[in-house]
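S.K.: Below is the structure I would like to discuss, written out as structure tokens.
The values are calculated or read from the model by the stated rules, or taken from the named source; none is laboratory data. All figures in this text were calculated on a predicted structure; none of them were measured in a lab. With ideal geometry, Cβ positions are generated from the backbone for all residues, glycine too; neighbour counts draw on all protein chains shown.
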Ligand code: KIV
Ligand code: NA
């Protein structure tokens, strides 16, 4: 069984960690085959796959369903699943139950949650109960309503100091890793150096111990507006659109199916059929 130790070792050896989201069987399969170090079943599934305009509507049932599909596609890759909005704020008991569902029912190896402050005791309790926890600071999309949009965090001195304190508290509470989203690269450098746990950046510069990106952004599938920090490595949506248009045209012009896509029966059987 793969454990969080791999990622500590990678940080010690200064070996960059490549992480990416996946949401279903095919995305997980291709991601594993490409040699990704860690898969995140992100609650970004709400936006990339389910069509919501934020991650807030995503439920525990959504996360369980998608994690199960990912595990079937990538049985050999360490998989982290996001605890969705409000799944770790109501009570310690509910937090534990939700984490247990993700590990036992869905097959994740770790959970991810956003923020520090009130969340710190939850990180300790989960870790104490044997649940590896990945934390997430900077731009925390579940708090988009409070943050007032998707913007760079920690640009000012006071905000940056708080982020450093939060990052240290997270490590102290027992988290095995930290995602830093949309922060200046200088802050990433400080936090990655200060912490012994690996820091995985998204929009945080190459100073992090690893990088994470959203599957759909990497392959250029379905995203209209790409944030500055995304590098699309392909344009899959163009390929898909072209394929679907061609199919529609060929059906309408009765050019598909061709003979080679078609089954036939023997002449003599046919004669019987007509009596
Ligand atoms: O849900 C997600 O995809 C994430 C990453 C952007 C870190 O939390
Ligand atoms: Na997320």
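S.K.: Could you please find all residues in segment 99-124 being over 21 Å from residue 138 (Cβ atoms) and surrounded by 23 or more Cβ atoms within 10 Å (Cβ to Cβ)?
M.R.: Result: 99, 102, 108.
S.K.: Also: Name every residue in segment 128-146 that is more than 15 Å from residue 204 (Cβ to Cβ) and either touching a helix residue (DSSP H, G or I) at 6+ places or on another chain (Cβ under 9 Å) or assigned to a loop (DSSP other than H, G, I, E, B) (or both), in order of residue number.
M.R.: Result: 129, 130, 131, 132, 133.
S.K.: Still on this model: Tell me, yes or no, whether segment 239-252 has at least one residue that is at pLDDT below 95 and out of contact with any strand residue (DSSP E or B) (no Cβ under 7 Å at 6 or more places or on another chain).
M.R.: no
S.K.: Since residue 205 meets every condition but one in (1) in contact (Cβ under 8 Å) with a residue 12 or more places away in the chain; (2) on the phi < 0 side of the Ramachandran plot, which condition does it not meet?
M.R.: Condition not satisfied by residue 205: (2).
S.K.: With the requirement that a residue be within 16 Å of ligand 1 (Cβ to nearest atom) and either within 16 Å of residue 123 (Cβ to Cβ) or not assigned by TED's automatic domain parsing to the domain that holds residue 212 (or both), what does segment 55-97 give you?
M.R.: Correct list: 80, 81, 82, 83, 87, 88.
S.K.: Take the conditions away from ligand 1 (no atom under 14 Å from the Cβ) and either touching a residue at least 24 places away in the same chain (Cβ under 8 Å) or over 18 Å from residue 46 (Cβ atoms) (or both) and apply them to residue 224. Does it pass?
M.R.: no
S.K.: Let me ask something else. Confirm whether residue 115 is more than 19 Å from residue 40 (Cβ to Cβ) and modelled with pLDDT of 95 or more.
M.R.: no
S.K.: Is it true that some residue in segment 250-259 is away from ligand 2 (no atom under 16 Å from the Cβ), in a loop (DSSP other than H, G, I, E, B), at positive phi and surrounded by fewer than 16 Cβ atoms within 10 Å (Cβ to Cβ)?
M.R.: Among the residues of segment 250-259, at least one is away from ligand 2 (no atom under 16 Å from the Cβ), in a loop (DSSP other than H, G, I, E, B), at positive phi and surrounded by fewer than 16 Cβ atoms within 10 Å (Cβ to Cβ), which makes the answer yes.
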